[in-house]
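Accompanying notes for the structure given below.
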Amino acid sequence: MHYLLIYDVVPDYVERRAAFRSQHLALAWQAVERGELILGGALAEPVDSAILLFHADSPAVIEKFVAADPYVQNGLVARWHIRPWLTVVGESAANPVRV
């Protein structure tokens with residue numbers, strides 16, 4: 001199953017993230033190496049959100065990531081939520097549908 005982790009970041013996120021970025025990216029790359037995180041990054045123009053795409057059996061994997069994320073721990077993320085994403089098109093779709 002695919003899940004989207006959506007972060008709403010604080011207004012001064014870009015200025016504050018430098019202090020925690022290497023730790024955050026290390027955590028993210030570890031999740032990639034485990035096969036959990038597929039893609040992740042901030043939305044641009046404006047930088048007010050970030051989206052991370054996970055492949056996991058349950059949201060518990062994503063909740064564990066959030067709990068360990070220095071961006072969350074240090075107040076750079078104002079709100080976050082997890083959305084199941086029912087992917088149906090593409091080579092990596094969890095539930096491919098062809099017509």
Given (1) within 17 Å of ALA26 (Cβ to Cβ); (2) within 12 Å of the chain's Cα centre (by Cα), index of the condition LEU76 fails: (2)
Where a residue in segment 76-98 is in contact (Cβ under 8 Å) with a residue 60 or more places away in the chain and its partner, wherever it lies, is of a type in the set (Asp, Glu) and loosely packed, with under 11 Cβ neighbours inside 10 Å, with Cβ under 9 Å and at least six apart: LEU76/ASP12
Residue match in segment 78-91 (condition: on the phi < 0 side of the Ramachandran plot and modelled with pLDDT under 95): yes
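The values are calculated or read from the model by the stated rules, or taken from the named source; none is laboratory data. Please read all numbers here as calculations on a predicted model, not as lab measurements. Note that we place each Cβ from the backbone using ideal geometry, even for glycine, and neighbour counts take in every protein chain shown.
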